[in-house]
1. Need the failing condition index for B:ILE172 against (1) of a type outside the set (Phe, Trp, Tyr); (2) away from chain A (no Cβ under 13 Å); (3) within 13 Å of A:MET333 (Cα to Cα); (4) in a loop (DSSP other than H, G, I, E, B), just the number.
2. Exactly one of (1) at pLDDT below 85; (2) open to solvent by 50 Å² or more (accessible area, probe 1.4 Å); (3) of a type in the set (Ser, Thr, Tyr) is unmet by A:TYR65. Its number?
3. More than 40 Å from the chain's Cα centre (by Cα) and either farther than 19 Å from B:LEU126 by Cβ or open to solvent by 10 Å² or more (accessible area, probe 1.4 Å) (or both): which single residue out of A:ALA339, A:ALA394 fits that description?
4. Kindly evaluate A:GLY375 against the criterion of being over 25 Å from B:PRO159 (Cβ atoms), of a type outside the set (Ser, Thr, Tyr), open to solvent by less than 30 Å² (accessible area, probe 1.4 Å) and more than 14 Å from chain B (Cβ to nearest Cβ).
5. Hey, can you tell me all the residues within the stretch B:134-192 that are of a type in the set (S, T, N, Q) and more than 28 Å from A:ALA16 (Cα to Cα)?
6. In the stretch B:87-108, which residue that is among the charged types (D, E, K, R) and within 10 Å of another protein chain (Cβ to nearest Cβ) is least open to solvent (accessible area, probe 1.4 Å)?
7. Count, please, the residues in the stretch A:153-177 that happen to be at pLDDT 85 or above and acidic (Asp, Glu).
8. Determine which member of the set A:GLN251, A:GLN273 is touching a strand residue (DSSP E or B) at 6+ places or on another chain (Cβ under 9 Å), more than 23 Å from A:GLY396 (Cβ to Cβ) and open to solvent by 90 Å² or more (accessible area, probe 1.4 Å).
Amino acid sequence: MGLFENISMALAGLRANKMRAFLTMLGIIIGIGSVIAISTLGSIMEASVMDIFNSQGGSNLMQFYVTMKSEPAREYYLDEDLITGEMIDAFEERFPDEVECVIINNGSTGGTMNIRHKEYDVTVYAVSPGYIRQSMTTVEAGRYISDRDCEELRYTCVISDKQAEKLFGSKRGAIGKRITVTLTGGDMIDLTVVGVYKYQISGIMSTMVGNIDDWNNEIYMPYTTMGRLQGADTDTFFQFNINTKTGTDAQKFAEKAENYFNDTFYRDNDSMQVRCFTAESQMAMIDEMLGILQLAISVIAGISLLVGGIGVMNIMLVSVTERTREIGVRKAMGAPNSAIRTQFIVESIIICLIGGAVGILTGIGMGNIAGLIVGTTAPPSLGSILLAVGFSMAIGIFFGYYPANRAAKLDPIEALRYE
Amino acid sequence: MMKKNKSKSTPVPTDAAEYVISARNIVKSFYVGTPNELEILHGMTFNVPRGEFVSIVGQSGSGKSTLMNIIGALDRPTSGEYFLDGVDVSKANDKELSQIRNKQIGFVFQTFNLIARTSALKNIELPMLYGGIPARERRERAKELLEIVEMSERAGHMPNELSGGQKQRIAIARAMANDPAIILADEPTGALDSKTGRLVMDLFHKLHREQGKTIVLITHNNELAEETDRIITISDGNIIGDTGNRRAGGDGSGTV
């Protein structure tokens, strides 16, 4: 009795009861489908998170925040709690082998820009020279904001290639030109374009900000100049980032840097301290959250597979009962128990495999539809497909074995007599 | 009592080889070892020589079905010996029993028992399938058999597209598939009208005459039994009559 005969026999049986076969498969389809959808969605989300992660400087990024100590004397911030430029300078000097550059993004301000009597909305970012590393862009013409721009509080700015083309016809043509920006609040500033950056945006980011053209209005200027304009102390920060040099042990250095700040500058502060977060630890946190989410949904998928498997078992038991007489005839014709058992297990596996295949396709489809909403699609992972195929076969064998064994052990005389 | 013959019966009796069926002191009990123990067959002894068309006749409750199950290797006697074509069936295990059924016995049932949703040709192939015969050979043999039962033009038909008589002819072809030692027919005309039943009986006669098949016909119909070479009559689990072979001059008789 070959496998081929068993398979064609099983398919003939399923064809005879199409509705029943479909309903039985449904449980498997939903189970496998959700597993595949989740794993597809998982890799989509991971890819998106990696996008953001890389756009912020990748694994070399390290973030410093002022936070409360575990038992703070007060629960509000004072000016003297903030990190000062001198602290950052001292820090940079103390660890020349680890700090590649300091990145400051001291927030952004909305505004409008007047060009040829037309008004454009803009967002002006107050940044340090190092910020280019975090924004993952390249300078197409001219240069980025420089140290001297910051030190001398110059009115310089970097605009995007798209803006340059729109306003001045070409990237090169924009260099040295002046733009006038009216900031929210009424301040009007004149900025000299010193550089043009390449505008780029990736999947999930574009979804988050919506219309790409709307977002393409970022202008970068020295954070010190902006600080002066806003009348604030130009040189204090609630937060700053650094890029570490390649090869730095992020975890160890984070600890060292934290200790340095807290021992040197915050020893006498009764409420506040500086905490350092590595990109890795943040990535790990996100990974962990994704992992928990996936696990939770996998458990639900697992339960639905279990229910699906029980459905298969139930239908196989019905099928064995219905075909008791056929089993008797087959035995009378000389079918050994093993052949009967194989026949029913193959049938159960076929149900599960067809269900699994439909489930895989459904899952890939659903995962990618969800992915489209997020803005990224991912090819299904071969591993999860193989796993799903293997799993549906295992369900077929596991839940098919008992009914098949029952069929195999039927007494031929009783079976032949069965009405 | 049930195991008394076990040790001394191992060597095949000399006469067993000459007969297709050699039953010696067959006892069948149910619920063995319980207070409800029920003996259905009380020690039956008979031989069937090769090529004989024999009918076993008895009223319902006579033990006819139980005897048939033992002859058909669907069941083992509680005690006694049953040699089928020289092989001791009473000692066979389940797997060996299924092989014996496959190779040595061709069943024909009252209700045809064709496998549903399976073509006539595939039904005939079934015993060969379990016998491990290659697909092409199966197909050729099945076609041959379809010709013998004059059903060639129905090869692709499903059982539900066939009349009762046609189904029974397919079932007979199936019974012959592995060229078994005996064809065991259990009330083969019981579900057919008399005209169709006649055709089926004619087919058995033809197989007996032209192919020299050994046929065991189980029936309660004396008219049908009269057509056969020999009639064994059973009642209450005992053989109460055996005509011997009326055509060949008492060849299979006198063995009781």
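1. All conditions pass for B:ILE172, except number (4).
2. (1)
3. So the residue among A:ALA339, A:ALA394 that is more than 40 Å from the chain's Cα centre (by Cα) and either farther than 19 Å from B:LEU126 by Cβ or open to solvent by 10 Å² or more (accessible area, probe 1.4 Å) (or both) is A:ALA339.
4. no
5. Result: B:ASN178, B:THR189.
6. This residue is B:ARG101.
7. The total comes to 0.
8. A:GLN251
The values are calculated or read from the model by the stated rules, or taken from the named source; none is laboratory data. Computed from a predicted model, the values in this text were never measured in an experiment. Counting neighbours? That spans all protein chains shown, and the Cβs are built from the backbone with ideal geometry, glycine included. Note: accessible area is taken over every heavy atom of the protein model, side chains too, but ligands, DNA and RNA are not part of it. Shrake-Rupley method; radii C 1.70, N 1.55, O 1.52, S 1.80 Å.
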